[in-house]
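I have a structure here, written as structure tokens, and I will follow up with some questions on it.
Readers should treat all values here as calculations from the given coordinates under stated rules, not as data from a laboratory. In this text the structure is predicted, and so the values were computed from the model without any measurement. Positions of Cβ are generated from backbone atoms using ideal geometry, with glycine treated the same way; all protein chains shown enter the neighbour counts.
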Amino acid sequence: MVGQIELRCRCGEVRGIVADPSPRSVNRVVCYCDDCQAYAHQLGRPDLLNEKGGSDIVQLAPAALSFTKGQDRIAGLRLSPKGLYRWYAKCCNTPVGNTMGPTLPFVGIPVQSFDTTRPDDCFGAPVAEIFGKSAVGEPPAGSTRFNPAMFLRAIGKVIGWRLRGKTWPHPFFARDTRAPIYPVTVISHERREALRAVCGPHPTAQAVP
Ligand SMILES: [Zn+2]
Ligand SMILES: [Zn+2]
């Protein structure tokens, strides 16, 4: 039990608090999908990816996260008109939460965005590696097949959060209108396609200009 943990962007302008983190209250996975890779590259933050392009993501209930500072620096990015809302701190391009709309209540945050040197104590170790088909080079063992246990665990968490009223207050959506609180940009189709060159399984470029 750590009580709470601080989320902070790299430069410290944007900060938030996650109440009562524990391995049981979150779902932590390493995601190799090419959307997560493209997002890190779009932000100029490939440093957040592991050597195979994986993002270490902590999924938690929306109501567990609240921002305490720098809300005016938060913006959203979508890789397509129907893609996830990927929220980040504009000051230093730190991801601060991936979400769908409030109907499917979860927030996925890269573990590096938390102010701790011992994330395993707060969240447990990752329970799965997923979407390994897009991993850079050889996929991690077990990451390419469908993982029913992980899938059920993730869905169970989201349904539980919804039933227990953990959608609201949502850190990124207004309760009355269900609209995003922060400005959202959808990247162009051309840009999305260009990002594929730097993502797995076989990147053909080091960086997108
Ligand atoms: Zn910052
Ligand atoms: Zn992903």
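In this structure, is residue 74 closer than 28 Å to residue 207 by Cβ and aliphatic (A, V, I, L, M)?
Values: closer than 28 Å to residue 207 by Cβ: yes; aliphatic (A, V, I, L, M): yes.
Yes, satisfied.
Does residue 181 qualify as being touching a Leu at 6+ places or on another chain (Cβ under 7 Å) and among the hydrophobic types (A, V, I, L, M, F, W, C)?
No, not satisfied.
Here are some conditions: (1) part of a strand (DSSP E or B); (2) within 23 Å of residue 152 (Cα to Cα); (3) hydroxyl-bearing (Ser, Thr, Tyr). Residue 66 meets all but one. Which one does it not meet?
Of the numbered conditions (1) part of a strand (DSSP E or B); (2) within 23 Å of residue 152 (Cα to Cα); (3) hydroxyl-bearing (Ser, Thr, Tyr), the odd one out for residue 66 is (2).
What residue, among those in the range 7-23 that are without any contact (Cβ under 8 Å) to a residue 60 or more places away in the chain and out of contact with any Asp or Glu (no Cβ under 7 Å at 6 or more places or on another chain), is nearest to ligand 1 (Cβ to nearest atom)?
Step one: of the range 7-23, the residues without any contact (Cβ under 8 Å) to a residue 60 or more places away in the chain are 12, 15, 17, 19-20.
Add one more test, that the residue is out of contact with any Asp or Glu (no Cβ under 7 Å at 6 or more places or on another chain), and what stays is 12, 19-20.
Values: 12: 6, 19: 22, 20: 25 Å.
Only one residue tops the list, namely 12.
Answer with yes or no whether residue 126 is in contact with a Pro (Cβ under 8 Å, 6 or more places away or on another chain) and more than 16 Å from ligand 1 (Cβ to nearest atom). Walk me through how you get there before you give the answer.
Working: in contact with a Pro (Cβ under 8 Å, 6 or more places away or on another chain): no; more than 16 Å from ligand 1 (Cβ to nearest atom): yes.
For residue 126, the condition - in contact with a Pro (Cβ under 8 Å, 6 or more places away or on another chain) and more than 16 Å from ligand 1 (Cβ to nearest atom) - is not met.
If only one of 65, 48 is aliphatic (A, V, I, L, M) and within 16 Å of ligand 1 (Cβ to nearest atom), which one is it? Step through it out loud before you land on a result.
Numbers: 65 fails: within 16 Å of ligand 1 (Cβ to nearest atom).
That would be 48, the only listed residue that is aliphatic (A, V, I, L, M) and within 16 Å of ligand 1 (Cβ to nearest atom).
For the range 89-107, what are the residues that are within 16 Å of ligand 1 (Cβ to nearest atom) and buried (at least 21 other Cβ atoms within 10 Å of the Cβ)? Don't jump to the end; show me each part of the working.
Of all residues in the range 89-107, those within 16 Å of ligand 1 (Cβ to nearest atom) come to 89-97.
Of everything in the range 89-107, those that are within 16 Å of ligand 1 (Cβ to nearest atom) and buried (at least 21 other Cβ atoms within 10 Å of the Cβ) turn out to be 89, 94, 95, 96, 97.
Cβ-Cβ under 7 Å, sequence separation 6+ or interchain: first residue in the range 89-100 and closer than 16 Å to residue 46 by Cα, partner small (Gly, Ala, Ser) and within 11 Å of ligand 1 (Cβ to nearest atom). Which pairs?
89/70; 94/113; 95/113; 96/89; 96/113
Return the residue satisfying two criteria in turn: it lies in the range 69-88 and is out of contact with any helix residue (DSSP H, G or I) (no Cβ under 9 Å at 6 or more places or on another chain) and within 14 Å of ligand 1 (Cβ to nearest atom), and of such residues it is nearest to residue 123 (Cα to Cα).
Residues of the range 69-88 that are out of contact with any helix residue (DSSP H, G or I) (no Cβ under 9 Å at 6 or more places or on another chain), as a first pass: 69-76, 78, 81-82, 85, 87.
The next check asks that each one be within 14 Å of ligand 1 (Cβ to nearest atom); those that pass are 69-75, 87.
Working: 69: 23, 70: 25, 71: 25, 72: 28, 73: 26, 74: 24, 75: 26, 87: 21 Å.
Per the criteria, the residue is 87.
For the range 24-42, check the following and say yes or no: at least one residue is at positive phi, within 16 Å of ligand 1 (Cβ to nearest atom) and of a type in the set (Gly, Ala, Ser). Outline the logic, then answer.
The first filter runs over the range 24-42 and keeps only residues at positive phi, leaving none.
Checking the range 24-42: not a single residue is at positive phi, within 16 Å of ligand 1 (Cβ to nearest atom) and of a type in the set (Gly, Ala, Ser).
Return yes when residue 149 is more than 17 Å from residue 54 (Cα to Cα), loosely packed, with under 13 Cβ neighbours inside 10 Å and touching a Phe, Trp or Tyr at 6+ places or on another chain (Cβ under 9 Å) and no when it is not. Write out each step before concluding.
On the way: more than 17 Å from residue 54 (Cα to Cα): yes; loosely packed, with under 13 Cβ neighbours inside 10 Å: yes; touching a Phe, Trp or Tyr at 6+ places or on another chain (Cβ under 9 Å): no.
Considered against the rule, which asks whether it is more than 17 Å from residue 54 (Cα to Cα), loosely packed, with under 13 Cβ neighbours inside 10 Å and touching a Phe, Trp or Tyr at 6+ places or on another chain (Cβ under 9 Å), residue 149 comes out as no.
Show the residue pairs that are 6+ apart or on different chains and have beta-carbon atoms under 6 Å apart, the first residue being within the range 185-209 and exposed (fewer than 13 other Cβ atoms within 10 Å of the Cβ), the second being part of a strand (DSSP E or B).
If the second residue must be part of a strand (DSSP E or B), the pairs left are 185/77.
Residues of the range 19-67 being under 15 Å from residue 126 (Cα atoms), small (Gly, Ala, Ser) and surrounded by fewer than 21 Cβ atoms within 10 Å (Cβ to Cβ), which ones? Lay out the reasoning, then the answer.
Step one: of the range 19-67, the residues under 15 Å from residue 126 (Cα atoms) are 21-32, 49-50, 54-60.
Within this subset, residues satisfying the condition of being small (Gly, Ala, Ser) are 22, 25, 54-55.
22, 25, listed by residue number.
Is there a residue being of a type outside the set (Gly, Ala, Ser), within 23 Å of residue 168 (Cβ to Cβ), within 14 Å of ligand 2 (Cβ to nearest atom) and in contact with a Ser or Thr (Cβ under 8 Å, 6 or more places away or on another chain) anywhere in the range 123-130?
no
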